[in-house]
Amino acid sequence: MKNRSLFICLLLASSAVAADTPRKIAFERGDNSVWVANLDGAGAKKIAAGVDPCISPDGTKLAFNTESNTRFIAVADIATRKVAVFKNVPSDNSYGPVWAPDGRKLLFNIFIGSDWDIGLVNADGSGFRVLKKAGPNSHSYFSACWMPDGQSLYCQDIENLYHIGLDGAVIKQWPLQKLFIKSDMNSNSRLDVSPDGRMLLAEVDADEDSGRKDWDGPPPEIQVMDLATESTRKVTPIFWWEPCWITPDEFLCIGQGVKEKLPSIYRVSLDGKTRTLVIKNAMNPSVSK
């Protein structure tokens, strides 16, 4: 009986510690470096050289990709800044790692042959496999993001949005142009499913003139999709992009004003009415759980 009581006390203590663990955000600087800070932007510290950072759900590790003549997925221990580079995958061109909700695996884009596949690897770099292989005629897949239960994911191929299983089979698909309002996607567009699994944030290219002389291509904006009703709506005006959820009612993204040379990270309410600056001159945010 005493052992059982001790176990329960330890379990409650562990839960309390986990609940008190401050959430962290990861981000990228323009000099190809990846950083970690507190959720409010305080205590920022550089972790490694690289881009496309994604912080682990427990906030202890940082996945990213190296940026040079070759691109490999890498994982850094945030406390020690020790970096492990995953060179056992069958390509020297991989990018955009995304942690599984349980922190045990990573999704990422990998160039094999002449097309982009979605790869899956264990958190230590072992057990690589192609989760979604490109189809015929350069039918590549991008923007992979997990459902909160870790049993399926969303991705897109420039023309369609897909919900797929861990076996790569398509559960459902939607034409992008019929789904999102007057917009398209590109290979770098970001998707993210809300913590409750009900909503999908989507970075899209708006079908309108950017109005900026120094901007090449369509301007980005953020829309949200209700996964139950399949309805969509705009959340931000143009020049807001790279969204990631904080809670079911708030998300981080980057925005760039007309006179600003670099984007900055903001905390935004789901109704789009509240936008608070978190970190200036930063991009590619991700949040621990």
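The values are calculated or read from the model by the stated rules, or taken from the named source; none is laboratory data. Every value quoted in this text rests on a predicted model; they were computed, and no experiment measured them. Cβ atoms come from the backbone with ideal geometry, glycine included; neighbour counts cover every protein chain shown.
Among the residues of segment 139-150, are any over 20 Å from Cys54 (Cα atoms), at pLDDT 95 or above and surrounded by fewer than 18 Cβ atoms within 10 Å (Cβ to Cβ)? For segment 139-150, residues over 20 Å from Cys54 (Cα atoms), at pLDDT 95 or above and surrounded by fewer than 18 Cβ atoms within 10 Å (Cβ to Cβ): absent.
Scanning segment 58-77 for residues that are surrounded by fewer than 19 Cβ atoms within 10 Å (Cβ to Cβ) and either of a type outside the set (Ser, Thr, Tyr) or in contact (Cβ under 8 Å) with a residue 60 or more places away in the chain (or both) yields Asp58, Glu67, Asn69, Asp77. In this structure, Glu242 does satisfy being free of Cβ contacts under 8 Å to residues at least 60 places away in the same chain, among the acidic types (Asp, Glu) and either buried (at least 18 other Cβ atoms within 10 Å of the Cβ) or in contact with a Phe, Trp or Tyr (Cβ under 7 Å, 6 or more places away or on another chain) (or both). Yes or no: segment 178-185 includes at least one residue that is surrounded by 14 or more Cβ atoms within 10 Å (Cβ to Cβ) and either over 12 Å from Thr232 (Cα atoms) or touching a residue at least 60 places away in the same chain (Cβ under 8 Å) (or both). Yes; the residues of segment 178-185 include at least one that is surrounded by 14 or more Cβ atoms within 10 Å (Cβ to Cβ) and either over 12 Å from Thr232 (Cα atoms) or touching a residue at least 60 places away in the same chain (Cβ under 8 Å) (or both).
For the condition crowded, with 17+ Cβ neighbours inside 10 Å, more than 15 Å from Ser183 (Cβ to Cβ) and either modelled with pLDDT under 95 or among the hydroxyl-bearing types (Ser, Thr, Tyr) (or both), Ser264 qualifies. Residues in segment 239-261 that are modelled with pLDDT of 95 or more and among the hydrophobic types (A, V, I, L, M, F, W, C): Phe239, Trp240, Trp241, Cys244, Trp245, Ile246, Phe251, Leu252, Cys253, Ile254.
Number of residues in segment 165-197 that are under 17 Å from the mean Cα position of the chain (by Cα) and at negative phi: the value is 12. The residues of segment 77-103 that are under 14 Å from Pro53 (Cα atoms) and of a type in the set (Lys, Arg) amount to a single one, Arg81. Residue check: is Ala100 within 20 Å of Lys45 (Cα to Cα) and aliphatic (A, V, I, L, M)? In short, no.
Look at (1) surrounded by fewer than 22 Cβ atoms within 10 Å (Cβ to Cβ); (2) touching a residue at least 60 places away in the same chain (Cβ under 8 Å) and you find that Ser286 fails only one, number (1). Residue pairs whose Cβ atoms lie under 9 Å apart, sitting 6 or more positions apart in sequence or on different chains, and linking a residue in segment 206-230 that is basic (Lys, Arg) to a partner that is surrounded by 13 or more Cβ atoms within 10 Å (Cβ to Cβ), are Arg212/Pro219; Arg212/Phe239. With respect to (1) farther than 23 Å from Asn88 by Cβ; (2) in contact with a Cys (Cβ under 9 Å, 6 or more places away or on another chain); (3) surrounded by 19 or more Cβ atoms within 10 Å (Cβ to Cβ), the lone exception for Ala202 is condition (2). In this structure, is Ser33 of a type outside the set (Asp, Glu), touching a strand residue (DSSP E or B) at 6+ places or on another chain (Cβ under 7 Å) and buried (at least 20 other Cβ atoms within 10 Å of the Cβ)? Considered against the rule, which asks whether it is of a type outside the set (Asp, Glu), touching a strand residue (DSSP E or B) at 6+ places or on another chain (Cβ under 7 Å) and buried (at least 20 other Cβ atoms within 10 Å of the Cβ), Ser33 comes out as no.
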